[in-house]
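Novice: Structure provided below as structure tokens; questions to follow.
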Amino acid sequence: INYSRRYDFQKSAESLNGILEDVVKSLQVQIQVQKIQIIKALDPRLPAIACDPHVLHEAFENIFMNVLQAVGSQENQSLILKSEVIQGYVRNGTSDAALMAENRNQPEPAVAVSITNTGSVIPIEIRGKIFTPFFTTKESGSGLGLAIVKKIVEGHNGEIFAESSEDKGEKKTTIRMI
């Protein structure tokens, strides 16, 4: 993966759920070795989206690898993979008026993917930095993986962000793409 690479997306109408299933299948050996339970909540009503399936596969695989590394050897971990349609979503930095003017007074529905792992949180002091080029918490990391994922998601007119919480001893981190 190369951060300075300029992507020439070869977009076609694709099943996002199909891309996600392919990513899980490609990482099945590592998932089994780490004994991680995958819980899928993929909305079968998801419409096809205009995307470059190979590049999105690369982005989702990168996120999964980061999650698997974050979970490490912790016991009894689960990873929740969810897709859904969100009605009336307004993108960050886009005014409601501008969005509604573009969409005849109706905010456009959006497709969202959430990847949530239990058992770990991203500390608040670094949460806003994880998609920044060259930021890493790993000894051998380049700090480019999640920055490239962000570039790919934004190149598909999307947004990506991370959320972490700890409630009654339950820790979880969600990476969400819309």
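Novice: Identify all residues within the range 112-165 that are part of a helix (DSSP H, G or I), touching a strand residue (DSSP E or B) at 6+ places or on another chain (Cβ under 8 Å) and buried (at least 16 other Cβ atoms within 10 Å of the Cβ); write none if there are none.
Specialist: V149, K150, V153
Novice: Where in the range 1-60 are there strands (runs of 3 or more DSSP E), lying fully within it, with 2 or more residues that are among the small types (G, A, S) and over 18 Å from K82 (Cβ atoms)?
Specialist: In the range 1-60, 12-14 are the strands (runs of 3 or more DSSP E) which contain 2 or more residues that are among the small types (G, A, S) and over 18 Å from K82 (Cβ atoms).
Novice: Which of the residues that make up the range 158-178 are more than 13 Å from the chain's Cα centre (by Cα) and touching a residue at least 40 places away in the same chain (Cβ under 8 Å)?
Specialist: S164, S165, E166, E170, K171, K172
Novice: Condition first: aromatic (F, W, Y), at pLDDT 80 or above and under 17 Å from the mean Cα position of the chain (by Cα). Can you find one or more residues in the range 132-149 that meet it?
Specialist: No; the residues of the range 132-149 include none that is aromatic (F, W, Y), at pLDDT 80 or above and under 17 Å from the mean Cα position of the chain (by Cα).
Novice: If you don't mind, another one. Scan the range 8-21 and give yes if some residue there is among the polar types (S, T, N, Q) and open to solvent by less than 40 Å² (accessible area, probe 1.4 Å), otherwise no.
Specialist: Yes, the range 8-21 contains a residue that is among the polar types (S, T, N, Q) and open to solvent by less than 40 Å² (accessible area, probe 1.4 Å).
Residues are listed down the side, and each one gets a yes or a no for (1) over 17 Å from K150 (Cα atoms); (2) in contact (Cβ under 8 Å) with a residue 12 or more places away in the chain; (3) hydrophobic (A, V, I, L, M, F, W, C):
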| residue | (1), (2), (3) |
| --- | --- |
| R6 | no, no, no |
| F9 | no, yes, yes |
| I36 | yes, yes, yes |
| I39 | yes, yes, yes |
| P47 | yes, yes, no |
| H54 | no, yes, no |
| L68 | yes, yes, yes |
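Novice: Restricting attention to the range 61-83, which residues are open to solvent by 40 Å² or more (accessible area, probe 1.4 Å) and either in a strand (DSSP E or B) or charged (D, E, K, R) (or both)?
Specialist: Matches in the range 61-83: E61, E75, I80, K82.
Novice: Select from the range 25-51 the residues that are under 25 Å from P109 (Cβ atoms) and buried (at least 16 other Cβ atoms within 10 Å of the Cβ) and list them in ascending order.
Specialist: L42, L46, I49, C51, listed by residue number.
The values are calculated or read from the model by the stated rules, or taken from the named source; none is laboratory data. Computed from a predicted structure; not experimentally measured. All Cβ positions, glycine included, derive from the backbone under ideal geometry; neighbour counts span all protein chains shown. Accessible surface is based on the protein model in full, side chains and every heavy atom, while ligands, DNA and RNA are left aside. Shrake-Rupley method; radii C 1.70, N 1.55, O 1.52, S 1.80 Å.
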